[in-house]
Amino acid sequence: MRWFSRGLLLAATALGGIMFGAQARADGPVRAMPIHAPKSQPEAPASFTGTVSNTDPMTFQADHVAYDSKNGIATWTGNVQLWQNDQIMRADRVVYDRNTGVAAARGNVALVEPDGTVLFTEYAELSNGMRDGIMTRMYAQMYDNARLAANGLRRTNSKVNDLTRVVYTACEICARHPERAPFWQFRSFDATHDLQHKRLEFRDVFFDFFGVPVFYLPAFSMTDPSVRRQSGFLTPGFTPHDRYLGTYVTIPYYWVIDRFSDLTATGLFATRTGPEIMLNFRRYFNNARLKVDGNIAYDTHHDSTYVNTFGDTVDSSNNHGVQGYISASGQVNINKTWRAGGNIRWASSPNYMRDYRVSGYGQDTLNSNLYLEGFATGSYSRIDAEGYQGMNQGIINNKDLPWVLPRYTYSYFGQPDALGGRFALDTTDFYVYRQNGTSDQRGQLSLNWDRPFHNSLGQIWNLTLHVESAVHRATDLNGQPNFGRTARAQVQGQVQPTVALKMNWPFLRSFNHNTGTQILEPIVQFIAAPNTGNSASRNIPNEDSLTYEFTDSTLFAINRYAGTDRLDGGLRANVGLHNNWTWNGHQIDVLIGESFQEHIDHNRIPYSGLNHHLSDVVMGTHMVPNQYFDFDGKMRLDPYAGKVDFADALGSAGFRHFRVTGGYLFEPVTPYYYYAQRSYATAPPEIYYKPVSELTLGAASNWDNWHIAAYLRRSLSRKESVAVGGDAGYQNDCFGLDVMYLKQYTTIGGQQSNSTVMFSLTFKTIGTFGING
C-alpha cells in the first residue's frame, strides 16, 4: 500500500528534479509519462476486488508543477488530472506530502470510479493509492441517474465507504430550482457503501415525499444501482385475502450461480392451504438457452364433483395432497441452418393451478413439444412431436386429446422460372394417436405455380395452377372428432387439381391538392376444381379443417378451410371491390365482395355463409381518417335472410388525453359447436347453439404523469357480464403507483372467479412493493 506515495514521488522527482536548478516553478502545461511501481512492491491479494491495484501505473497532467525538495512536497495546479486504470481524479489543485503519503485535492474535485460512479467534493485527502481517504460535503452521481449526498465520507482499503448525514434519491433534480426537495428521497443518519459486495446500508432512515417525512425505518439495505444481478432476497409479496389461499405471503430469493445462470426460489405461505415452493432456473450457453420453472405444494382443498355448463359431470377427486407443475423450454443452435428445442408443460391437476394461481390456468390445454427445424434460402423444414394435457375438465378430457408422433413439415418457394412463374411445394405429414377416438396417419403434398402478368389497360393478372393431394390411414373413424360411419381401418386418398385466374384492375387518382391518393380496384377471380365435397362421405378423417372461415380476408383464397383435410371444390367465381383513400398519414380502406358457386355442398360446415349459389356478402374496413378516430371491422351478411351471420368490430375515439374504445363480436353458435355437435346420440345441449354476442367498452385518460382506465366486457346473448375492471396510477421518472381492479364472472372449475385488487409501488433503483387481494 505504498505505491501512491512512491508513484507521486517518482513523478514529482522526475519532473521537478530536472527543472529545479533553473526555476522552482514551471510555467505552461506539464504532462507526465506513465510511471510504473517498483517491482519490489507486493501485489494486491488475489481476492481483492477494490477499485485500484497497487501494481498498475499512474499518469498525471497539470498546467503547473512545483516541487519543494526540502519538505518533500509536490504541488500540481490548474486542471489537474490523475488516472490509474479505470479510476480518474480531477481537481484544481493537488498537494502531495511524501512524508505522510497523503495527497490533498481542492477545488472542483471529481473522482470517477470503475463502475461509472462520479464523486464530487470540494476537498479530499487520499492515500494508499486512492484506496484510503476522506471527503467533505460529498455528492455522488451513480448508475441509472441515482444520486447520493453526504456531509462526510471515509474510504477504507477501497472496499468500504462510511458516510454521515446521507441523502439518496433516483429522481431528477429541478434545474430551475435545485434547492427544492426531489419527489422522494431517503434521509439517513449514517450509511455504509460496501464497494466489494455492492451493497448500500442505511441506518435511522426517514422516507420523504417532497421533503416531508412519510415514514421511518430503523435500517434499510439495498443493492448498489450499478449491479444488474446479485444474490439475495427480493421484494416479498403480501396478499391479505384470496378465495383459495386466504392470507398469504411470498418470499423470493435470487441466486446468481455464475455469469450465465441463475435460480430464483420462492416460498409461498398461506392460511387456507399448505405451503408451496417455486423454482425458476435460467441458463444461457454459447449456442443454447434453457429455462425451467417448477412448483410443488401440499394442497389441502377437497373439491366436490359438479356438473358443468355443457351438462357433463366433472370428477374433482385426486386434486389435493402433494401437487406440482413444471414448465421447461430450451433451444440449441446446431449450426447456421439447423436448430432444435422443446417446450414441456405439465400439471398434476387443473384445480392445483387454480388454487395457487399458477400461470396458465384457464387455458383449454397445456401443450408440450419437441422439434428440429432448418432454414435455407426459399425453404423451411421441421419435424416435431406434440402432446396435450386437458385443463377444461368435462369438455376436454386427456383420453380424447391426440399425441402427434411425429409431424413433418416442409415448404419450398422457388425463384422465377423461364415462363415468369414461381413454383412452391408444401407438405405436412403426421401420425396422430388417440386413446379414445380416431388415430390417423397422413401423407400430404401441395404443389402450386403462380404466373403474374399485366396488360396495357393496367390490369394485373395472376394465373394459379394448384394440386392438393393426400393419403390417409385411419382407425376408429367412428370416434371423435370425426364420428364417421365405420369403425374399420380405412386407407383413403384424395387428389384435387385447381386452376384459378385472378384480375385486379386498379384506378388511381389524386385529391386534396395532390396530397392524397385514391385507389378504386375491382377484383375478379375464377376458380375451377373437381367437386369433391368436404370428404366426409369418403371416410377421410379431419384433423386440421374443423373450422371454416369465410370473410373478406379469405374471399380470394383457393381453400378457405384452416387445413387441407377438407377442400373447396367445384366451379366458383369471386368478385370484390376494393377502395382505398390515403392522405397526410391517414387512411380509409374498404373491401366488399361475394362468391358465386356452381355446386352447393350441403356437407359444408354450417353457418359458413356458403349454403347458396350466391354467398353471404363479406365486408371489411380499416379507417383512420384523423387522429381522433379509428375503426376496424369485418361483417358477413346473409342476403336471403337479411341478417348478419358474423360481425367483428373494434374502434376508438378521443383526443390526446382521453380516449374511448368499443368492440363487438357476433358468431351464430359457440365455437365448441364445431367440435362436439355429433358426440351426442340426440341433439347437443342448447349451450352449443347459443350465439356469441359480446360487447366490450373501455375508456382511458392520460394527463401528464397520471393515468386512469376502465373496461367492461358483457355477453348480450347470455345477459351477463364476462369481466369488468379498472386501473389508475401515477408514474414519473423515479416513482410509480398503480392500483388495478378485476372482476371475472366466468365459471372455471365449477366456481366463479372472485374480485382481484392489486396495489403496487415502484421506486427506481430500489424495487417494486405490492399487495394483492
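Round to a whole angstrom and tell me the spacing of the C-alpha centers of region 492-531 and region 708-744.
For region 492-531 versus region 708-744, the Cα centre distance is 43 Å.
Specify the angular offset, from 0 to 90 degrees and rounded to the nearest 10, of the alpha carbon long axis of helix 3-19 from the longest principal axis of the alpha carbons in the chain.
In the chain, helix 3-19 runs at an angle near 60 degrees to the longest axis.
Measuring from label point to label point, each 7 Å out along Cα→Cβ, what is the Ser553 to His586 span in nm?
Taking the simple label geometry, Ser553 and His586 are separated by 2.7 nm.
Report, in debye and to the nearest 20, how large the dipole of the chain comes out about its Cα centre when Lys and Arg carry +1 and Asp and Glu carry -1 on their Cβ.
Working: 67 positive and 70 negative charges, 277 e Å.
So the dipole magnitude of the chain works out to roughly 1320 debye.
FRET efficiency for Ile344 and Ala265, Cβ-Cβ distance as r, R0 = 22 Å, nearest 0.05?
Details: r = 20 Å, r/R0 = 0.92.
Efficiency for this residue pair is about 0.60.
What size of dipole, in debye to the nearest 20, comes out for region 151-263 about its Cα centre when the only charges are +1 on Lys and Arg C-beta atoms and -1 on Asp and Glu C-beta atoms?
On the way: 14 positive and 12 negative charges, 48 e Å.
Roughly 220 debye, rounded to the nearest 20.
Among Ile257, Ile527, Tyr67, whose Cα lies farthest out toward the positive end of the dipole of the chain, if unit charges sit on the beta carbon of Lys, Arg (+1) and Asp, Glu (-1)?
Tyr67
Lysines within cross-link reach of Lys198: Cα-Cα under 30 Å, excluding same-chain residues under 8 positions apart?
Cross-link targets: Lys159, Lys291, Lys764.
State, to one decimal in nm, how far the label point of Thr365 lies from the label point of Arg488, with both points 7 Å from Cα in the Cβ direction.
3.0
Name the residue farthest towards the positive end of the dipole of the chain from the options Gly232, Leu761, Tyr388, assuming +1 on Cβ of Lys and Arg, -1 on Cβ of Asp and Glu, about the Cα centre.
Gly232
Using alpha-carbon pairs under 8 Å, 6+ residues apart, how would you state the relative contact order of the chain in percent?
Contact order relative to length: 5 percent.
In region 609-662, which chymotrypsin sites (Phe, Trp or Tyr not before Pro) are in a loop and have at most 10 other Cβ atoms within 10 Å, using DSSP for the loop call?
Values: sites: Tyr628, Phe629, Phe631, Tyr640, Phe646, Phe655, Phe658; in loops: Tyr628, Tyr640.
Passing both the DSSP loop test and the Cβ count: Tyr640.
Compare the Cα positions of Thr77, Phe646, Ser188 along the charge dipole of the chain (+1 at Cβ of Lys, Arg; -1 at Cβ of Asp, Glu; about the Cα centre) and return the one farthest towards the positive end.
Thr77
In bins 10 Å wide, starting from 0, what share of all Cα pairs of region 94-137 does each bin hold, as a percent?
All Cα pairs, binned at 10 Å, distribute as 28, 56, 15, 0 percent.
Work out, step by step, the length gained on full extension between Arg137 and Asn531: first 0.36 nm times the residue separation, then minus their alpha carbon distance; give nm to one decimal. Numbers along the way, then the final one.
Numbers: separation 394, 0.36 × 394 = 141.84 nm, distance 8.91 nm.
132.9 nm is the gain from fully extending Arg137 to Asn531.
Write down Rg/Rh for region 126-236, rounded to two decimals, with Rg from the C-alpha atoms and Rh from the Kirkwood relation over Cα pairs. Intermediate values should be presented prior to the final figure.
Numbers: Rg = 14.4 Å, Rh = 14.8 Å.
Taking Rh as the inverse mean 1/r over Cα pairs, Rg/Rh reads 0.97.
Sort out the exposed loop GluC sites (Glu not before Pro) in the chain (DSSP loop, at most 16 other Cβ within 10 Å) and tell me the longest stretch that has none. Don't skip to the end; give the middle numbers.
Details: sites that count: Glu43, Glu172, Glu179, Glu549, Glu598.
Longest stretch, sites excluded: 180-548.
How long are the semi-axes of the ellipsoid equivalent to region 326-442, from square roots of 5 times the Cα gyration tensor eigenvalues, in whole Å, largest first? Please list the in-between numbers first.
Values: eigenvalues 249, 68, 28 Å².
Taking √(5λ) for each eigenvalue gives 35, 18, 12 Å, largest first.
Less than 29 Å apart at the alpha-carbon level, and either on another chain or at least 8 residues along: which lysines does that give for Lys502?
Answer for Lys502, where 29 Å is the Cα cut-off: Lys634, listed by chain and number.
Once the Cα atoms of the chain are picked out, what are the Rg and Dmax in Å?
36.7, 117
Could you list, bin by bin from short to long, the percent of Cα-Cα pairs of region 162-216 in 5 Å steps?
For region 162-216, the binned pair fractions read 5, 20, 24, 21, 17, 10, 3, 0 percent.
Give me the extension gain from Val212 to Arg243: residue separation times 0.36 nm, minus the current Cα-Cα distance, reported in nm with one decimal.
Values: separation 31, 0.36 × 31 = 11.16 nm, distance 3.85 nm.
Contour length minus the Cα-Cα distance gives 7.3 nm.
Please pull out the direction-averaged projected area of region 478-565, using the convex hull of its alpha-carbon atoms, in nm² to one decimal place.
Working: hull surface 31.8 nm².
Its average projected convex-hull area is 8.0 nm².
Within region 452-481, name every residue whose backbone N is under 15 Å away from a label modeled 7 Å from Cα of Phe413 along the Cβ vector.
452
Would you calculate the separation in nanometres between label points at Asn702 and Val575, each defined as 7 Å from the Cα along the Cα-to-beta-carbon direction?
Here the answer is 4.6 nm between the modelled labels.
Just how large is the dipole of region 703-772 about the Cα centre, in debye to the nearest 20, putting +1 at every Lys and Arg Cβ and -1 at every Asp and Glu Cβ?
Numbers: 6 positive and 5 negative charges, 91 e Å.
It comes to approximately 440 debye.
Per 0.36 nm of contour for each residue apart, how much would the distance between Arg382 and Phe655 grow if the chain were fully extended, relative to their Cα-Cα spacing? It would help to have the intermediate numbers written out before the result.
On the way: separation 273, 0.36 × 273 = 98.28 nm, distance 4.76 nm.
Roughly 93.5 nm would be gained on extension.
Residue by residue through region 737-743, which ³J(HN,Hα) values in whole Hz follow from phi under the Karplus form 6.51 cos²θ - 1.76 cosθ + 1.60 (θ = phi - 60°), with glycine and proline marked x?
Values per residue, Gly and Pro as x: 10, 9, 10, 10, 10, 9, 10 Hz.
When the convex hull of the Cα atoms of region 703-772 is projected onto a plane and the area is averaged over all directions, what value comes out in nm²?
Working: hull surface 24.7 nm².
Projected area, direction-averaged: 6.2 nm².
Where the centroid of each part is defined by its Cα atoms, how far is region 559-575 from region 110-130 in Å?
Taking the Cα centre of each part, region 559-575 and region 110-130 sit 75 Å apart.
Checking the cross-link filter: which lysines have an alpha carbon closer than 28 Å to that of Lys399, excluding same-chain neighbours under 8 positions apart?
Lys690
No lab work stands behind these numbers, since they all come straight from the coordinates. Since the model is a prediction, treat every value here as computed from it, not as a measurement. Reconstructed Cβ throughout: ideal geometry from the backbone, glycine too, with neighbour counts over all protein chains shown.
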